[in-house]
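Nothing in this text is a laboratory measurement; each read-out follows from the coordinates by a stated rule. Nothing here was measured: the structure is a model prediction, and the numbers come from that model. Neighbour counts are summed over all protein chains in view; Cβ atoms, including those assigned to glycine, are modelled from backbone coordinates with ideal geometry.
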């Protein structure tokens, strides 16, 4: 018998996905990007909230395979598209695409070459999530205080290392992401969404959130934390509390908007991969921007709507093809 899914958390993932697209549409012009960068932290916190205790063999079978296969599939699709475009348009972006996939990271500087940055786009998230789940196997039965201190130390080290070196497969990013994953786990373990302890913690976290909205810029991918790491963690806990409470209070099953968010969240892995195809092909690898053809001052709005429409349409198609949804993305 299939377990009943809580639509609240699917909707929260749907909100996070819309923020992901927003960050890739409005990023250069956004004067205050702090709220946008909660999109990655929210995902990792939800993943941590539902984290299971795995043996290492179970991790490979369930925890890694279900991420690695969609990641590999998406990379193959992107490379195929690039090869076709290269034949038709003579874009010469095949080397960039191959290196991006091989390095598996969102950014990689290549000194002494014509390529200043190689990017695998939003797929960095899947690489980071694979590493986080591996770390979790070794941390899951440790004392919470020891685990928390260890995670913070490694996140701070990664923050400083990122200035001097970039490691492949989003390894450094995963150290920062682990703290948010652990925070989500702690929220569920101690039932902080419902009990008095959570209500006492929330005001402190809310103060951190207010501060971060004005002065921070949380970006796990680049290990950038505008405030001290613990402050950013606390801010995201408050954000998690607020979003969960709002969705739980106002969710209506028959409402189209909520159903749209629910659909995106339910198929968030597919949506992320679809958006990665768009982001890599049209922005990171090729200077081709469909929305630039719109003669309007609302170019960025057009960019956002087109990106959401593209990812949603592709997600809908995959959801209707049983082989892709169940065998590639493991969604049943």
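Show that you can apply the helix-only estimate: for the chain, add -39,500 (n - 2.57) for every DSSP H stretch of four or more residues, divide by all residues, and state [θ] at 222 nm to the nearest 500.
The helix-only estimate for the chain comes to -21000 deg cm²/dmol at 222 nm.
Using the number of other C-beta atoms within 10 angstrom as an exposure proxy, rank 283, 247 with the fewest first.
Going from least to most buried by this count: 283, 247.
Assuming 0.36 nm per residue, please report the length gained on full extension of the stretch residue 79 to residue 142 beyond their Cα-Cα distance.
Taking 0.36 nm per residue and subtracting the Cα distance, the gain is 18.5 nm.
I want to make sure I understand the PRE zone here: with the label point 7 angstrom from the Cα of residue 50 toward its beta carbon, which residues in the stretch 176-219 have backbone N atoms less than 20 Å away?
177-194
Expressed in nm to one decimal, what extension gain is obtained for the pair residue 316 and residue 72 from 0.36 nm per residue of sequence separation less their Cα-Cα distance?
85.8 nm
Relative contact order for the chain: what percent, with Cα pairs under 8 Å and sequence separation of 6 or more?
Relative contact order comes out at 28 percent.
Give the order of 5, 133 when sorted by the count of other beta carbons within 10 angstrom, beginning with the fewest.
5, 133
Using the alpha carbon gyration tensor of the stretch 185-273, what are the three equivalent-ellipsoid semi-axes (square root of 5 times each eigenvalue), largest first, in whole Å?
Its equivalent ellipsoid spans semi-axes of 25, 19, 12 Å.
What is the packing order of peptides 251-258, 238-245, taking the mean over residues of other C-beta atoms within 10 Å and listing the highest first?
Top to bottom by mean Cβ count within 10 Å: 238-245, 251-258.
Determine, for 202, 26, 56, the number of other Cβ atoms within 10 Å of each Cβ, and report the residues in order from fewest to most.
Placing the least packed residue first, the sequence is 56, 26, 202.
Take the chain, connect every pair of alpha-carbon atoms lying under 10 Å apart with a spring to form a Gaussian network, then pick out the residue of 153, 82, 246 with the largest mean-square fluctuation.
Most flexible of the set in this elastic network: 246.
Sticking to Cα atoms, compute the Rg of the stretch 122-239 to one decimal and its Dmax as the biggest Cα-Cα distance, whole number, in Å.
Answer for the stretch 122-239, Rg first and Dmax second: 14.3, 44 Å.
What full-extension length gain, to one decimal in nm, is calculated for residue 149 and residue 9 as 0.36 nm per residue of separation minus the Cα-Cα distance?
47.6 nm
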